[in-house]
Amino acid sequence: MANSDIIYTPDPDADSISSDVAEYNGILVSTQIPVRADGSLELGDITTQCECTLQALKVALERAGSSMDRVLHLTIYLTDMADRAAFNEVYQRFFKKPWPVRAAVGVASLAFEGMRVEVTAMAAKG
């Protein structure tokens with residue numbers, strides 16, 4: 001990239017065309033999907049997908065020098081808004097008050113067949 005004041009942390013997946021985290025002036029942005037610790041995609045039930053997605057977010061933020069308690073904003077993409085309650089149940093295990101600012105968005109589909117959740121987060125560094 002031409003902007004030397006922006007730092008991108010590449011996704012560990014060699015085939016990915018997205019960074020795991022982008023940093024600018026102490027703010028990190030990360031987008032995560034339901035990936036297991038071994039890097040494979042989790043396409044099981046919505047609760048398991050939410051757990052894998054938020055765990056992947058936690059790992060990406062910690063690798064970049066931040067943490068879940070530094071998340072300022074979260075956008076949740078769901079292919080079925082009826083899954084919002086299941087997401088919220090998992091969300092409350094990863095986040096505590098004061099809750100990050102967040103939005104839930106219903107989408108027709110995500111990048112992979114069977115993928116039901118994706119999140120984009122903005123967090124403070126440090």
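Going by what's in this entry, would ILE7 be described as within 22 Å of LYS97 (Cβ to Cβ), surrounded by 14 or more Cβ atoms within 10 Å (Cβ to Cβ) and modelled with pLDDT under 90?
No.
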**Report entry** Residue match in region 26-44 (condition: exposed (fewer than 15 other Cβ atoms within 10 Å of the Cβ), part of a helix (DSSP H, G or I) and of a type in the set (Ser, Thr, Tyr))
**Finding:** no
Query raised in the report: So which residues in region 70-90 are in a helix (DSSP H, G or I) and at pLDDT below 90, if there are any at all?
Result: ARG70
Report task. Go over the candidates LEU57, LEU78 one by one and state the one that is in contact (Cβ under 8 Å) with a residue 40 or more places away in the chain and on the phi < 0 side of the Ramachandran plot. Result -> LEU57
Query raised in the report: Out of (1) more than 12 Å from the chain's Cα centre (by Cα); (2) closer than 19 Å to LEU28 by Cα, the odd one out for LEU110 is which?
Result: (2)
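The values are calculated or read from the model by the stated rules, or taken from the named source; none is laboratory data. These figures come from a predicted structure and were not determined experimentally. Cβ coordinates were reconstructed from backbone atoms using ideal geometry, including for glycine residues, and neighbour counts include every protein chain displayed.
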